[in-house]
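The values are calculated or read from the model by the stated rules, or taken from the named source; none is laboratory data. In this text, all values refer to a predicted model and were calculated from it rather than measured experimentally. Note that each Cβ is placed from the backbone with ideal geometry, even for glycine, and that neighbours are counted across all protein chains shown.
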2 protein chains.
Amino acid sequence: MRIDSVDLYYLRMPEVLDIGDGSQDMLLVRVESDGHVGWGECEASPLTSIASFVTPLSHSACHPVVDSVVGQRLDEVGDIARIAAEVRARSLDLLQAEHTLSGIEIAMWDLLGRRQERPVWQLLGYEQSCPKTPYASSLFGDDPQQTLEKAVNVRRLGYRAAKFGWGPYGTGSVGADADHVHAAREGLGTEGILLVDAGTVFGEDVEAAALRIPALEDADVTWLEEPFTSGALGSYRSLASRSQRVRLAGGEGAHNPLMAEHLIDYGGVGFVQIDTGRVGGIGDALRVARHARAAGVTFVNHTFTSHLALSASLQPFAGVAADRLCEYPVEAKTLARVATATSLSLDDNGLVAAPAAPGLGLDVDLDAIRPYLVDVEISVNGTTLYTTPDLRS
Amino acid sequence: MRIDSVDLYYLRMPEVLDIGDGSQDMLLVRVESDGHVGWGECEASPLTSIASFVTPLSHSACHPVVDSVVGQRLDEVGDIARIAAEVRARSLDLLQAEHTLSGIEIAMWDLLGRRQERPVWQLLGYEQSCPKTPYASSLFGDDPQQTLEKAVNVRRLGYRAAKFGWGPYGTGSVGADADHVHAAREGLGTEGILLVDAGTVFGEDVEAAALRIPALEDADVTWLEEPFTSGALGSYRSLASRSQRVRLAGGEGAHNPLMAEHLIDYGGVGFVQIDTGRVGGIGDALRVARHARAAGVTFVNHTFTSHLALSASLQPFAGVAADRLCEYPVEAKTLARVATATSLSLDDNGLVAAPAAPGLGLDVDLDAIRPYLVDVEISVNGTTLYTTPDLRS
């Protein structure tokens, strides 16, 4: 069966603030083939991705993404990788294409799963969907006392794992950072899994990051996330060799599987964090998960938007019991929370798993998201290339 | 002085064909500050880059590029790197931003050079602009006889170096590829520098590429370019260790300096090819050139469009005599040829050099390019975010 249509929907909150909250807008993708429909979400700048989908041809390696998707055969799992490879080849020089591809690829998995009435993780070859320990992500407080209170609250909410990041971390003294980390540990208690996210604050500066390691080790921190710019492999490797117990984590910026594999092979990370909405989709995330397993590295999802994105990001490591942690969005904006009719809630043990229902296992709630739909129009030399399509099931 | 305005212009040929000719359209950037003007060119999908420049804010790490450029101070060389770093940080999650930044960064160098009445290569610290040996790029012919004739013609035109690539190479038998390579050598003569471009045809398949090495060594080929996907560092390293005399070349896909440095540090290339219109601009290309020099790797520009792009790509290695080769567009479309009032022609010795005139040393010919200007309009919720601005000097 052919892909009959691909629709892109830009949705956003009435007010978008200049804060580190990536759930303020979203780009949903609807793929239809022979009456079957699948949905995906790009973790990307919506308008820019829409432009990459419809842009006029520049040359044979700079096609609009639509050229390699609509009209393609989509009969079986292998077709998805073939279509993704075609997008990458024909849009080789169109940088944004990999972000745009990601949501389309996810929607193709959802569609095939629904058509075959099987969850995506089964299509990936997994026999079960293993429950994961969700971790709650928070910003560090403005001072250690605030960080302490946030950690106490996270513990009270029942989370056994918590990540603190950004805020003042890495911008002041080594002592101030240590105070924040110790405050987080105190609030979370000795049993909790504590993670720290440096938000690339040290650029490529290994020495600055290395000064923070002793406090992280004292506080029994499991990982230090993104100390450096995501591609700074030499800095990662160097810092990794200087930490005894704290492992490095990174990979959310990877827009293809090779970039993530490099963090493992050359950067020496202990945890690789993949956003299926960026890396090229579920198939590419699965490739990274396999590479990680072979290298003794733990795979973790990166997710901060809707539960549609969460389900998509859980699929690639759903069947791997050893990959036990899961990033779980806890402070998402209304748009992200209402986007799906149901959500992936925690079970009685406080764990979360990729659902057993067909496809991604979640229905997009069209009525709930309709008020957030953004009206976009793009025209070139008088020809309209894109107007926001109607939201339809 | 502040940056008063940044204008993006999408230009294209009346007909754009699905062929491997990247000179069929262009995205020019005009930056103005306190009455001074500089020009640059992005090697990017024009419409997608325009969208990345004006897109609404998504969150604090997904700003439109314009937010980090217009209104910034631009007094001295150091300001350019500061602005570029700000674009990368505030548009961290906007993939297209690095392509868009590249043309803006180039225009800032042109502007500063013109204001200080010095060529950009002097601003970079070079004392001279060393002449380079231009190589002519051609597609392999459909059969070895055609390749032979093309090589004879290149030699007749006076080029001492020639690159053949794409076309049938890597898609048929090992023997057929060998015949093409030997035909190219025969046509070019024993003295000429012969380069081969595989156009990523082998993906990540080292064995397939390795089978081609003996013929390349027999024909005294200087480099094998892009045998693999640009990020396939392990494949590059593996093939590099299996060639005796033929060195590997790559890097045109790098959209930041780290990606290019990885090809040197982990991929084992002997030549690193940088397009300043993609890598982040002239400053980032200079960083790669220095890294290459320290590693004993030769830096080469990647250019297939206008002479404005050619000048920008020559600046980062203008002062390095040892980096003697230069990609020189010989078959560019009319648009690319008329874009500048003058061009970087070959001297009496058949060599080409970054010009001695201020900035990039070339004036954009507004009247010549005006017929190619594309009329773009982008609106979001009824607000027009972009309409093609007037072309002005």
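Just a few scattered comments:
- Residues located in the range A:367-383, provided they are more than 9 Å from every other protein chain (Cβ to nearest Cβ) and part of a strand (DSSP E or B): A:Leu373, A:Thr383
- Selection status of B:Thr190, crowded, with 19+ Cβ neighbours inside 10 Å and either free of Cβ contacts under 8 Å to residues at least 40 places away in the same chain or more than 25 Å from A:Ala61 (Cα to Cα) (or both): no
- Being surrounded by fewer than 20 Cβ atoms within 10 Å (Cβ to Cβ) and farther than 21 Å from B:Ser313 by Cβ is true of B:Asp75.
- In the range A:19-47, of all residues being out of contact with any Lys or Arg (no Cβ under 6 Å at 6 or more places or on another chain) and of a type in the set (Gly, Ala, Ser), the one that is surrounded by the fewest Cβ atoms within 10 Å (Cβ to Cβ) corresponds to A:Gly35.
- Condition met for B:Leu94 (under 23 Å from the mean Cα position of the chain (by Cα), of a type outside the set (Val, Ile, Thr), at the interface with another protein chain (Cβ under 7 Å from one of its Cβ atoms) and outside any helix (DSSP H, G or I)): yes
- For the range B:265-319, filtering for residues that are at positive phi and touching a residue at least 60 places away in the same chain (Cβ under 8 Å) leaves 2.
Quick grid of which residues meet (1) buried (at least 21 other Cβ atoms within 10 Å of the Cβ); (2) of a type in the set (Gly, Ala, Ser); (3) at pLDDT below 95; (4) under 21 Å from the mean Cα position of the chain (by Cα):
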| position | (1), (2), (3), (4) |
| --- | --- |
| B:Gly281 | yes, yes, no, yes |
| B:Asp284 | yes, no, no, yes |
| B:Ala312 | yes, yes, no, yes |
| B:Asp363 | no, no, no, yes |
| B:Ile378 | yes, no, no, no |
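- Summed over the range A:247-263, the residues that are closer than 21 Å to A:Leu195 by Cβ and surrounded by fewer than 24 Cβ atoms within 10 Å (Cβ to Cβ) give a count of 2.
Yes or no, residue by residue, for (1) more than 29 Å from B:Val374 (Cα to Cα); (2) surrounded by 15 or more Cβ atoms within 10 Å (Cβ to Cβ); (3) at pLDDT 95 or above; (4) not hydroxyl-bearing (Ser, Thr, Tyr):
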position: B:Pro316; (1), (2), (3), (4): yes, yes, yes, yes
position: B:Val320; (1), (2), (3), (4): yes, yes, yes, yes
position: B:Val330; (1), (2), (3), (4): no, yes, no, yes
position: B:Ala336; (1), (2), (3), (4): no, yes, yes, yes
position: B:Thr340; (1), (2), (3), (4): no, yes, yes, no
position: B:Asp348; (1), (2), (3), (4): yes, no, no, yes
position: B:Pro355; (1), (2), (3), (4): yes, yes, yes, yes
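Per-residue answers, yes or no, for (1) over 16 Å from the mean Cα position of the chain (by Cα); (2) farther than 23 Å from A:Thr384 by Cα; (3) at the interface with another protein chain (Cβ under 9 Å from one of its Cβ atoms):
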site: A:Gly20; (1), (2), (3): no, yes, yes
site: A:Gln24; (1), (2), (3): no, yes, yes
site: A:Leu27; (1), (2), (3): no, no, no
site: A:Glu32; (1), (2), (3): yes, no, no
site: A:Val37; (1), (2), (3): yes, yes, no
site: A:Gly40; (1), (2), (3): no, yes, no
site: A:Val54; (1), (2), (3): yes, no, yes
site: A:Ser58; (1), (2), (3): yes, no, yes
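- Filtering the range B:2-18 to residues that are more than 7 Å from chain A (Cβ to nearest Cβ), surrounded by 16 or more Cβ atoms within 10 Å (Cβ to Cβ) and assigned to a loop (DSSP other than H, G, I, E, B) leaves B:Ile3, B:Met13.
- Subset tally (residues that are part of a loop (DSSP other than H, G, I, E, B) and surrounded by fewer than 17 Cβ atoms within 10 Å (Cβ to Cβ)) for the range A:112-128: 5
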